[in-house]
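Structure record follows, encoded as structure tokens.
The values are calculated or read from the model by the stated rules, or taken from the named source; none is laboratory data. In this text, all values refer to a predicted model and were calculated from it rather than measured experimentally. Virtual Cβ from ideal backbone geometry, glycine too; neighbours counted across all protein chains shown.
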Amino acid sequence: MFGRDYNYNRVGVGLHYQNKFRKFVIWVNEWWYFDAFIFLCILVNSVLLASYNYKHKEAQLNKNIDIVGHFFSAIFILEALVKTIA
């Protein structure tokens, strides 16, 4: 797949490589759209962090950035879990 070669362990996180759930997680991990989605999330999160106003910490924009930051944190935690299980 686009020149990338993945080498997965036969047993990872207690799941054998023939386990259906692990096969699905490996498929998601290798899916091009998953990588593109994570990359887009990183870009958007970086822009939001750069637009944080440190002079007026109680501004509505900062409150919205904090809320969206929790959403991105959850996405990045899910990405870490996918990559750990795969």
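Filter the range 23-50 down to residues that are under 14 Å from the mean Cα position of the chain (by Cα) and charged (D, E, K, R) and give me whichever is farthest from V68 (Cα to Cα). It comes out as E30. Taking the range 1-32 as the range and being part of a helix (DSSP H, G or I), out of contact with any helix residue (DSSP H, G or I) (no Cβ under 8 Å at 6 or more places or on another chain) and either of a type outside the set (F, W, Y) or at pLDDT 95 or above (or both) as the test, the residues that pass are K20, K23, I26, E30.
So that you can scan it fast, the table gives a plain yes or no per residue for (1) over 29 Å from F24 (Cα atoms); (2) without any contact (Cβ under 8 Å) to a residue 60 or more places away in the chain:
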site	(1), (2)
A36	no, yes
I42	no, yes
N53	yes, yes
Q60	yes, yes
D66	yes, yes
L81	no, yes
A86	no, no
